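Undergrad: Quick one: this structure, given as C-alpha cells, is what I'll be asking you about.
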Amino acid sequence: VNATNSGDVELVDINRNFDFNFAVTDAVLPESETYRGPSAASELETQALAGFIANIDVRALVDLHSFGQYILYPWAYTTDPSDNDLAFQNLAESFADNIFSVFGSTYQVGQPSNVLSSASGSFGGTLMDYVYDRLDKPVFAMELRPDSGGNEGFEITLEQAYDNYQELEFRLSNLFSF
C-alpha cells in the first residue's frame, strides 16, 4: 500500500514492484489491480524482501500466488527465452506431472509472457525475474488452485488450501533435488 500526501491510498501489486525491468509492465494506472507502483522498489515490502534475499544463501526460489494453476519461469518481462529456458521448462513440466499425480490437477507451464494475458504481453518488476537476474538461480512462480473463479479465486476455501498443501508437500523438495 502506498499512501500519498493527499491521503489517497494506492494499492500496489508487490509482484510488479521489483527493480528489474520495472517499466515494461502495462500496469501503470493506480486503479489497476496489478498497479506496479509509482517507482521501482517504492514499497517497503519490496525493499524488505529484496534485502532479505540479498542476505541469505538462495539455492532456488518458488514464489507462490493465487490463482490459475500455472508453473511459470523466467522471463516474465519478455517472450525471449532465458539462458536456462529448456532446463526450467523440463523442471516445471516434471513438477506439473508430480502435482497431477495427487488429485489430477493440471498446471500449465511456461513463461508468463507466453501463457498469461497482458495488454503489453509482458510483466515487468516481478520477484521471479528480479531473483533470477540478481542471483542466476532456479526460480519459479506458481499460481495455485483454483484454475478459475474471477475475484473469488483469490479467496480460497479451507479445502482448497489443504489440497494445495497436499499437492506441494514433498514436491517442492523434489523440484530442487539437484
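Undergrad: Surrounded by 12 or more Cβ atoms within 10 Å (Cβ to Cβ), touching a strand residue (DSSP E or B) at 6+ places or on another chain (Cβ under 7 Å) and of a type in the set (S, T, N, Q): does that describe S82? Step through it out loud before you land on a result.
TA: Numbers: surrounded by 12 or more Cβ atoms within 10 Å (Cβ to Cβ): yes; touching a strand residue (DSSP E or B) at 6+ places or on another chain (Cβ under 7 Å): no; of a type in the set (S, T, N, Q): yes.
The answer is no for S82.
Undergrad: Restricting to helices (runs of 4 or more DSSP H) lying wholly in the range 1-116: which have 1 or more residues that are aromatic (F, W, Y), closer than 24 Å to L135 by Cα and at pLDDT below 95? Break it down into steps so the answer makes sense when it comes.
TA: Values: elements: 44-54, 85-103, 112-115.
In the range 1-116, the matching helices (runs of 4 or more DSSP H) lie at 85-103.
Undergrad: Which of (1) under 16 Å from the mean Cα position of the chain (by Cα); (2) closer than 23 Å to E33 by Cβ; (3) surrounded by fewer than 22 Cβ atoms within 10 Å (Cβ to Cβ) does Q89 not meet, given it meets every other one?
TA: (2) is the only condition that Q89 fails.
Undergrad: Pick from the range 154-178 the residues that are in a helix (DSSP H, G or I) and at pLDDT below 85: which of them is surrounded by the fewest Cβ atoms within 10 Å (Cβ to Cβ)? Full working, then the answer.
TA: Initial filter on the range 154-178 (in a helix (DSSP H, G or I)): 154, 158-168, 171-175.
Filter once more, keeping what is at pLDDT below 85: 154, 171-175.
Numbers: F154: 12, R171: 17, L172: 16, S173: 9, N174: 11, L175: 20.
Filtering the range 154-178 for residues that are in a helix (DSSP H, G or I) and at pLDDT below 85, the one surrounded by the fewest Cβ atoms within 10 Å (Cβ to Cβ) comes out as S173.
Undergrad: Is it the case, given these coordinates, that A141 is of a type in the set (A, V, I, L, M, F, W, C) and either at pLDDT below 90 or part of a helix (DSSP H, G or I) (or both)? Please lay out each step first, then the result.
TA: Values: of a type in the set (A, V, I, L, M, F, W, C): yes; either at pLDDT below 90 or part of a helix (DSSP H, G or I) (or both): no.
Criteria not met by A141.
Undergrad: Ok, one more. Scan the range 40-51 and report the pairs whose first residue is of a type in the set (A, V, I, L, M, F, W, C) and whose second residue is open to solvent by 70 Å² or more (accessible area, probe 1.4 Å), with Cβ atoms within less than 7 Å and a gap of 6+ or a chain change.
TA: Every condition considered, the pairs that remain are A40/D19; A41/D19; A41/Q47.
Undergrad: Would you be able to tell me the number of residues in the range 46-75 that are surrounded by fewer than 12 Cβ atoms within 10 Å (Cβ to Cβ) and not aromatic (F, W, Y)? Outline the logic, then answer.
TA: To start, the set of residues in the range 46-75 that are surrounded by fewer than 12 Cβ atoms within 10 Å (Cβ to Cβ) comprises 48, 51-52, 54-57, 59.
Narrowing the set further to residues that are not aromatic (F, W, Y) leaves 48, 51, 54-57, 59.
Residues that pass the stated criteria total 7.
The values are calculated or read from the model by the stated rules, or taken from the named source; none is laboratory data. Treat the numbers as computed from the prediction; the structure is a model and nothing was measured. So basically every Cβ, Gly included, is an ideal-geometry build from the backbone, and we count neighbours across all protein chains shown. Only protein heavy atoms, including side chains, enter the accessible area calculation; ligands, DNA and RNA are left aside. Shrake-Rupley method; radii C 1.70, N 1.55, O 1.52, S 1.80 Å.
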